[in-house]
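In what follows, a single structure is set out as structure tokens and then discussed.
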Ligand code: BJW
Ligand code: ZN
């Protein structure tokens, strides 16, 4: 921890990459691992465009269940610590694979009446609380429950009438090129990439920390378990991000 704090103290620019593990202590299920979503559900049945075309009702039912679960979750000390770091004096970019909106919620809580924008994340896999049209460019924030009992009651686009879908990135779909290049740029320019709570298995997000290493920066990983990023990391801190992130950033502004 002291070595990681020294790397952070020396870094002017920091890129933070987070994954499902940072929200685990908020009660949001992760994907892989013992209690992960993919233990009970097959990714290809639910998180692909083919699955939505085949059975949009089932996919919406699953997303509506997750949206309900996440609506009841609040940011944990790990989210707050990262928001504090990003609202401090150094240049910090939070890049998240999470679709749960908890980094943004933490940014608003920590900023209070101030400007939360330096702590707002780049959401490379979209947001579970936004919907987009399957046919045109319509896209809108949407937090309410969705009626999924039949295809007929599923939400439709007010512009063209096609089905609306969650505005998240499914397997086989491209990530938003502008968001992705901003994420890689911030990693390339960073002196330190802090990676927390990701299995490091899903690309291209898992390659973002490599851009920091390629630019001569350091990589610090926070995760209770070994990941493919561990072998490349300058340091690995083993444990829960809700405990380790507050200790890591404490005292930095
Ligand atoms: C804790 C903790 C605590 C627990 N504290 N930590 C290169 C090689 C191989 C394959 C590919 C490649 N490039 C592209 C691919 C294909 C594919 C891919 O990566 N497949 C691999 C899985 C093999 N990628 C894609 O399809 C991407 N698109 C793409 O590349 O487009 C171009 C293209 C198109 C067509 C063909 C080829 C290329 C899109 C990926 C979209 C991922 N979408 C999901 C669902 C989002 C919506 C939703 O939420 O429903 O994103 S899948 C899921 O995985 C979700 C997550 O963001 C993502 C990553 O998961 P994450 O965050 O790492 O979570 P977990 O659960 O895996 O891990 C949690 C970690 O936390 C663990 O390590 C725990 O130990 C730890 N933890 N408690 C800290 N308290
Ligand atoms: Zn439309």
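Scan segment 110-141 for residues that are more than 18 Å from the chain's Cα centre (by Cα) and over 24 Å from residue 184 (Cβ atoms) and report the count.
Residues flagged as more than 18 Å from the chain's Cα centre (by Cα) and over 24 Å from residue 184 (Cβ atoms) within segment 110-141 amount to 13.
Restricting attention to segment 212-219, does a residue exist that is exposed (fewer than 14 other Cβ atoms within 10 Å of the Cβ) and outside the structural domain of residue 23 (by TED's automatic domain parsing)?
For segment 212-219, residues exposed (fewer than 14 other Cβ atoms within 10 Å of the Cβ) and outside the structural domain of residue 23 (by TED's automatic domain parsing): absent.
What number of residues within segment 153-179 satisfy the criterion of being within 16 Å of ligand 1 (Cβ to nearest atom) and without any contact (Cβ under 8 Å) to a residue 12 or more places away in the chain?
The total comes to 3.
Restricting attention to segment 142-190, report how many residues are more than 11 Å from ligand 2 (Cβ to nearest atom) and under 21 Å from the mean Cα position of the chain (by Cα).
Adding up the residues that qualify gives 28.
Of all residues being touching a residue at least 60 places away in the same chain (Cβ under 8 Å) and out of contact with any strand residue (DSSP E or B) (no Cβ under 7 Å at 6 or more places or on another chain) in segment 141-152, which is nearest to residue 68 (Cα to Cα)? Just the residue, please.
145
Of the residues that make up segment 121-135, is at least one outside any strand (DSSP E or B), out of contact with any helix residue (DSSP H, G or I) (no Cβ under 6 Å at 6 or more places or on another chain) and within 16 Å of ligand 2 (Cβ to nearest atom)?
yes
Is it the case that residue 150 is within 15 Å of ligand 1 (Cβ to nearest atom), surrounded by fewer than 16 Cβ atoms within 10 Å (Cβ to Cβ) and either closer than 22 Å to residue 13 by Cβ or modelled with pLDDT under 95 (or both)?
No; evaluated as a whole, the condition is false for this residue.
Pick out, from segment 1-98, the helices (runs of 4 or more DSSP H) lying fully within it that include 1 or more residues that are within 16 Å of ligand 2 (Cβ to nearest atom) and in the same structural domain as residue 164 (by TED's automatic domain parsing).
Qualifying helices (runs of 4 or more DSSP H): 49-54, 56-71.
Residues are listed down the side, and each one gets a yes or a no for (1) at pLDDT below 95; (2) buried (at least 19 other Cβ atoms within 10 Å of the Cβ); (3) under 17 Å from the mean Cα position of the chain (by Cα):
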site	(1), (2), (3)
30	no, yes, yes
41	yes, no, no
60	no, yes, no
63	no, yes, yes
80	no, yes, yes
89	yes, no, no
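Could you please tell me which pairs satisfy a Cβ distance under 9 Å, a separation of 6+ or placement on different chains, a first residue in segment 126-139 that is at positive phi, and a second residue that is within 13 Å of ligand 1 (Cβ to nearest atom) and in a loop (DSSP other than H, G, I, E, B)?
Close Cβ pairs satisfying both conditions: 126/99; 126/169; 126/175; 126/176.
Within segment 211-221, can one find any residue that is within 13 Å of ligand 1 (Cβ to nearest atom) and over 20 Å from residue 92 (Cβ atoms)?
The answer is no; no qualifying residue exists.
The values are calculated or read from the model by the stated rules, or taken from the named source; none is laboratory data. Since this is a predicted model, take the numbers as computed values, not measurements. Cβ atoms come from the backbone with ideal geometry, glycine included; neighbour counts cover every protein chain shown.
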